1. Between F90 and R7, what is the spin-label point distance in nm, taking each point 7 Å from the Cα along the Cα→C-beta axis?
2. Could you list the square roots of 5 times each eigenvalue of the Cα gyration tensor of region 1-130, that is, the equivalent ellipsoid semi-axes, sorted largest first and rounded to whole Å?
3. Share of Cα-Cα pairs in region 76-138 beyond 20 Å, in percent?
4. What accessible surface, in Å², does a 1.4 Å probe find on S43, ignoring ligands, DNA and RNA and rounding to the nearest 10?
5. For a label point 7 angstrom out from the Cα of T130 toward its Cβ, which stretches of region 59-91 have the backbone nitrogen within less than 11 Å?
6. Given H placed on each backbone N at 1.01 Å, which residues far from W147 in sequence or on other chains put an amide H within less than 5 Å of it?
7. Kindly rank 79-91, 162-174 from highest to lowest mean number of other beta carbons found within 10 Å of each residue.
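The values are calculated or read from the model by the stated rules, or taken from the named source; none is laboratory data. Everything numeric in this text was worked out from a predicted model, so none of it was measured. Neighbour counts run over all protein chains shown; Cβ positions are idealised from the backbone, glycine included. Please note that ligands, DNA and RNA were not included when accessible areas were found on the heavy atoms of the full protein model with its side chains. Shrake-Rupley method; radii C 1.70, N 1.55, O 1.52, S 1.80 Å.
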Amino acid sequence: MGFDKGRLTVRRYRILEPVPDGFRDEYESAMTEQAFRDTAALSRGEEAVGWVCQDNIMDTEFTDRDRWLFDHYVLLAMRVDKKILPSPLFKAMVDKRVETWCRENQRDVAPSRVRTDIRSAIEAELMARTLPRVKVVHACWHLAEGWLLIHNTTDRLNDQFRTLFRNTFGLVPEPFSPVDFLEDDPNLAADLSSVGTTDFSVVGQ
């Protein structure tokens, strides 16, 4: 779910570095370079990570800036695909094929090399038929004010998003707590303390 509908649960970050001149061309090229790629060749447990358009996770065309740049706002969407095999089915298929091999070769136990080959063959068969598990993380970046909202609170996905963001834009999202507002405005801290809303105090005062 994007930023244009529904309730939002977000983590807030700030971007301390300034946005460069000519950022539109630069960011369009960078997002295209880090766009999500096809997952057909994914191996077991491997992840594919990249940018997609916030209104359609199948679209990675960023030349139309009206789809991601809205005045001072950039709407981003990170897609993460991962293929996971159904463990019970995988094990059952391997055991069945090993059993067949033993019967055909009149052996009580299949050599480890044979079991490895069978496992590899079945894994390749299943991977070719398995659809990836897809996760999408939406974000909103205010270029002028330097804040970034990530519509996800999972540590791992936030870390992946921040890494992709840094690799794409060359900027580092720093965690931004509401307490930081109080550091910038000691008078606000005093007002809140006076009504028992917070016990925050500025060191040295």
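1. 3.7 nm
2. Numbers: eigenvalues 463, 45, 30 Å².
Result for region 1-130: semi-axes of 48, 15, 12 Å.
3. Working: 833 of 1953 pairs.
Percentage above 20 Å: 43.
4. 60 Å²
5. Hits in region 59-91 for T130 at 11 Å: 82-91.
6. Residues meeting the amide H criterion: I15, H142.
7. Working: 79-91: 14.8, 162-174: 17.0.
Descending mean neighbour count gives 162-174, 79-91.
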